[in-house]
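Trainee: Please read through the structure below; I'll follow up with questions.
The values are calculated or read from the model by the stated rules, or taken from the named source; none is laboratory data. Since we're looking at a predicted model, the values are computed, not measured. Because the Cβ atoms are built from the backbone with ideal geometry, glycine has one as well, and the counts that use them run over all protein chains shown. For the accessible areas, the whole protein counts, side chains as well, though only heavy atoms, and no ligand, DNA or RNA atoms are used. Shrake-Rupley method; radii C 1.70, N 1.55, O 1.52, S 1.80 Å.
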Amino acid sequence: MNYAALSAAIQAYTENTEADFVANIPVFVTQAEQRIYNSVQFPSIRKNVTSTIAINTKYLDCPLDFLAVYSMAVIDGNGNYEYLLNKDVNFIRQAYPQPTDTGTPKYYALFGPTVLSSTIYDELSFIIGPTADASYGVELHYYYYPESITVAVDGQTWLGDNFDTVLLYASLVEAYTYMKGEADMMQLYNQKFMEALALAKRLGDGMERQDAYRSGQFRQKVT
């Protein structure tokens, strides 16, 4: 389902084509997308980036679209990966109190907003422990919000193409909330959304995290 079809479906289900309502459909859809992406860990909401951390460096900027870490590794000059463990800032400060405590980084923590020349930016940063004793490559897998279907050039996204049911009903819940619709219809749309979300979780949190070789095929218990 592309955005044009999704927008048309929302108007048809709600029987609402008023200008203000139609103008707010992108808001309904983006709120629905965020709700879904925070409920199901689809692989499509993960991204991989590489960077470098210079010698004697203790901090590392997060990507602009960063939400949460999936994994972080440093790569030495021989191409060997060392996956870092997520710790609190206070652990790293206690374990490596001095910037001169150097070595191969082993831990990282979300440090807080980036500060440059006394200006606080929205982007977060990492603190690394110990301070890098050489220049290392960094490979970061992280969660982010994929491009919304409302602004996609072709009006299509992975979610719209592969699980349009959950996107449609989540959008209808947001749209009907805006309309201050009847309680029974709101309950119906929310129930349909939860049913679709359960199927989406079966895919994103289940089927996409196993295979027949390791986990065996799914078997329904016979009673």
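Trainee: Under a plain spin-label model, where a point goes 7 Å from the Cα along Cα-to-Cβ, how far apart in nm are TYR83 and ASN162?
Mentor: 2.1 nm
Trainee: Continuing with the same structure: Could you work out the longest stretch of the chain that avoids the GluC sites (Glu not before Pro) located in DSSP loops with at most 16 other Cβ atoms within 10 Å? Mind dumping the intermediate values first?
Mentor: Numbers: sites that count: GLU15, GLU18, GLU147, GLU182.
Answer from the scan: 19-146.
Trainee: Next up: For an R0 of 35 angstrom, estimate the FRET efficiency from the Cβ-Cβ distance between GLN98 and ILE75 and round to the nearest 0.05.
Mentor: Taking R0 as 35 Å, the efficiency between GLN98 and ILE75 is 0.90.
Trainee: What is the distance, in nm, between label points placed 7 Å from the Cα along the Cα-to-Cβ direction at ASP205 and at THR57?
Mentor: Output for this residue pair reads 3.6 nm.
Trainee: Using helices alone, what [θ] at 222 nm do you get for the chain, with -39,500 (n - 2.57) per DSSP H run of 4 or more residues, divided over all residues and rounded to the nearest 500?
Mentor: That comes out to -11000 deg cm²/dmol.
Trainee: Okay, moving on. Can you pull the Rg over Rh of the range 1-128, Cα-only, Kirkwood?
Mentor: Result for the range 1-128 is an Rg/Rh of 1.16.
Trainee: First measure r as the distance between the Cβ atoms of ALA198 and HIS141, then evaluate 1/(1 + (r/R0)^6) with R0 = 30 Å and state the FRET efficiency to the nearest 0.05.
Mentor: According to the calculation, E is roughly 0.70.
Trainee: Where the convex hull is taken over the Cα atoms of the chain, what is its projected area averaged over directions, in nm²?
Mentor: 18.9 nm²
Trainee: Would you look at the GNM of the chain, springs on alpha carbons closer than 10 Å, and say which of ALA196, ALA68, ALA12 moves the most?
Mentor: Maximum fluctuation in the GNM of the chain, among the listed residues, is at ALA12.
Trainee: How much accessible area does MET179 have with a 1.4 Å probe, in Å² rounded to the nearest 10?
Mentor: Only protein atoms counted, so the area is about 60 Å².
Trainee: Label points 7 Å out from Cα along the Cβ direction at THR50 and SER125: separation in nm?
Mentor: Label-label distance for THR50 and SER125, simple model: 2.5 nm.
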